[in-house]
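Taking it in order: structure first as structure tokens, then the write-up.
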Amino acid sequence: MAKIDFKKQFAKATAQAFQTVYPDIFKKQGEEQVFDNEFIYENLEKPKDPQLGRFAFPVFRYAKLLNDNPNEIAAKIAHKNNQLIKNTSESVPFEAVATGGFINAKINAEIEAQQTLEEILTKSSEYGSSKKGKGHKILVEYSSPNIAKPFGIGHLRTTILGNSLRRIFRKLGYEAIGINYLGDWGTQFGKMIVAYKKWGKKNKNTVADLYDLYVKIHREAEQDNKLNDEARAAFKKLEDGDKEITALWEYFKTISWAEFERIYNLMDIEFDWVTGESFLNDKMEQVIDRLKEAKLTSISEGALIVELDDPQLPPCLLKKADGATLYATRDLAGLLYRWDKYKFDEALYVVGSAQAVHFKQVFKVIDLLEKAENIPENNRIDGRAKHIDFGWVKFGDKMMSTRQGNIIFLEDVINKAVALAKEKIKEKNPDLKNIEETALTIGVGAVIFSQLSVRRQKDVNFDWNEVLNFEGETGPYLQYTHARLCSLIRNYHEEIVSDINYSLLHNEEEKRIIEHLSDFPELVHEAAKNYEPNFIATYLLKLSGAFNKFYQRKKEDGKIDKIISDDKELTSARMALVKAVQIILKEGLYLLGIKAPEEM
Ligand code: ARG
């Protein structure tokens, strides 16, 4: 039997109650809310005190609109709600209760426990998966580091957010395509080539070596303008396809990719398409022609631009006076190319908020172009391309030495996190078999979680003492909870079944866990809808917190109420709960991009 969507049912009954009690309210539709199923559903809240109910609709907000007293409204609607429910044939698992301006839904805990646990234990990691996104294509561009520059922490958050979003959308049945758009083109490569020819090692170069050269030529060029001329000439040669110069550029790419790939492997980051800015070199002229044809371009101080009919936005630069194309030109060509290739429903760009204006400009140009060309609305990119922005990562600490040019190398961060994790494991569990592997899982998990522990638009303060704290709100805490669950499962030598006596799971701690588990599918949807993996991160902390309370629960005599006890029936009921939490914790961590160790 499929799980009942309690929330939906309650919303439906409440909407019906509103329509019966306040039949006039639909006449006010034009100006105010429509009290239909969807509206009620969207506005259901979680009561602060879970004893009050599972969901609550805040009627007091609509007292003015309904021209009635909030308590009265709540009482009338609750009453009607219950009447309506009683008249339906199915057994209904909730009751509506009016409390201080709210209508609360009290759900029959035993039914919810049974439905939720049965579903989790049968579907396992597929619980919460859906086919909602079936037939929908969503491009997720993330990471996109720059060639010949180290993978710094500047690219950490995009990598982690994007990788997680790709997993979340896949869980919901979308065809999510992860794209890595490398910064492999631009005039800076002229400088790189000159520097390499002058000072570079012949072989065994690392990205750090290349970056040294880059920093050096920058410094020298400030004194010696000739170098800039040389760099321009070298870039021109690269553009013209000069064999030797192209080979050098390829060499830089190879070295860089080898390092990037090592980091992606360490962190378990996946892509479906690795591309780069250079891929668009032969695709920009066409876009420029279209824009000219549409009469959208103009010349300003020798440069080719598109004026945007938005006072907030500076014009979009297509070509500099010397004819060189720009970052924005490539993004325009790239977006049109992606559209032709994928006909996506959505194209996400997971890029820091520093580039907000850039993306507004790019999307605006596309919008103007499509309108000028009279492209039918259902065939437009406009509205489908989205900048998924995020805040800064602040490394306000002294434990990390920055290497050249003030960049903090991501690999250094990971290595340090792994080393710290290893120390902790040795301290806590020196007999653990695969310490190396576990330390890697925990170190990487800590770094990943640090990026998802706040809403994406907020800044992250990376603090070494915090991110690895096994008791704090961290990745290792969640992993540790998972290992604890696995250990319980190992110590219970019986099979875990869902054919249990659900009425035994009645204490408050157990109820809270079941409620969280029951909420998981909706939460994954919310995370997708808001492009916000942090919802899942926060959820997992709550679930783990609820489990740990249950784990440490004391009986009336003050002794720990052990999960595995002599009471066989109770133990098997509780172990079903344990198994369900373990499944969801592991799946939630997976959606964030974090591995769940069985022992640590
Ligand atoms: N490589 C760029 C950077 O490091 C980010 C690319 C973002 N994506 C894009 N389509 N512009 O700043």
**Prompt:** In terms of modelled amide H atoms, which long-range or inter-chain residues lie less than 5 Å from the amide H of Gly276?
**Reply:** Leu182
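Of the accessible area of the range 120-274, with the probe set at 1.4 angstrom, what percent is carbon plus sulfur?
Answer for the range 120-274 is 47 percent, counting heavy atoms of protein chains only.
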**Request:** Round to the nearest 0.05 the FRET efficiency obtained for Tyr251 and Asp282 when R0 = 22 Å and r is the Cβ-Cβ distance.
**Result:** 0.50
**Prompt:** Probe 1.4 Å, all protein chains in place: accessible area of Tyr251 in Å², nearest 10?
**Reply:** 60
**Asked** In nm, what is the difference between 0.36 nm times the number of residues separating Tyr337 and Glu437 and their Cα-Cα distance?
**Response** 31.9 nm
**Request:** Could you tell me the largest-minus-smallest coordinate of the C-alpha atoms of the range 231-345 on each of the three principal axes, in descending order and whole angstroms?
**Result:** 47, 41, 26
**Prompt:** Trp185 accessible area, nearest 10 Å², 1.4 Å probe?
**Reply:** 20
**Item:** Simple label model, 7 Å out from Cα along Cβ direction - Asp463 to Lys542, nm
**Value:** 2.4
**Prompt:** Over the range 114-216, what is the relative contact order in whole percent, taking alpha-carbon pairs under 8 Å and six or more residues apart?
**Reply:** 31
**Fill in**
Excluding ligands, DNA and RNA, the carbon-plus-sulfur percentage of the accessible area of the range 488-543 with a 1.4 Å probe reads 49
**Message:** Give me the one-decimal nm value for the distance between modelled label points at Arg455 and Ala258, 7 Å along each residue's Cα-to-Cβ direction.
**Reply:** 4.4
**Item:** Environment charge of Gly323, counting only residues whose C-beta is closer than 11 Å and scoring Lys/Arg +1, Asp/Glu -1
**Value:** +1
**Prompt:** Among residues other than Gln312 whose Cβ falls under 11 Å from its Cβ, what is the net charge (Lys/Arg +1, Asp/Glu -1)?
**Reply:** 0
**Prompt:** Measuring from label point to label point, each 7 Å out along Cα→Cβ, what is the Asn491 to Lys216 span in nm?
**Reply:** 6.0
**Request:** For Val357, Val447, give the ranking by accessible area with the largest first, probe 1.4 Å.
**Result:** Val357, Val447
**Asked** How much net charge surrounds Lys7 when only the other residues with a Cβ under 14 Å from the Cβ of Lys7 are counted, with Lys and Arg +1 and Asp and Glu -1?
**Response** -3
**Fill in**
Sorted by accessible surface (1.4 Å probe, heavy atoms of the protein chains only), largest first, Val274, Val287 come out as Val274, Val287
**Message:** Order Asp499, Asp224 by their accessible area, 1.4 angstrom probe, all chains in place, largest first.
**Reply:** Asp499, Asp224
**Asked** What is the chain by shape, rounded, prolate or oblate, if you read a ≥ b ≥ c off the alpha carbon gyration tensor as root eigenvalues and call it rounded for a/c under 1.5, prolate for a/b larger than b/c, and oblate otherwise?
**Response** oblate
**Fill in**
Expected vector for the range 265-281, Karplus 3J(HN,Hα) from phi with 6.51, -1.76, 1.60 and θ = phi - 60°, integer Hz, x for Gly and Pro, equals 5, 4, 9, 6, 9, 10, 9, 9, 8, 9, 9, x, 4, 5, 4, 9, 3
**Complete:** With every protein chain kept in place and a 1.4 Å probe, the chain has an accessible area per residue in Å² of 47
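The values are calculated or read from the model by the stated rules, or taken from the named source; none is laboratory data. None of these values were measured; they are calculated from a predicted model. All Cβ positions, glycine included, derive from the backbone under ideal geometry; neighbour counts span all protein chains shown. Heads up: the accessible areas ignore ligands, DNA and RNA and are worked out on the full protein's heavy atoms, side chains in. Shrake-Rupley method; radii C 1.70, N 1.55, O 1.52, S 1.80 Å.
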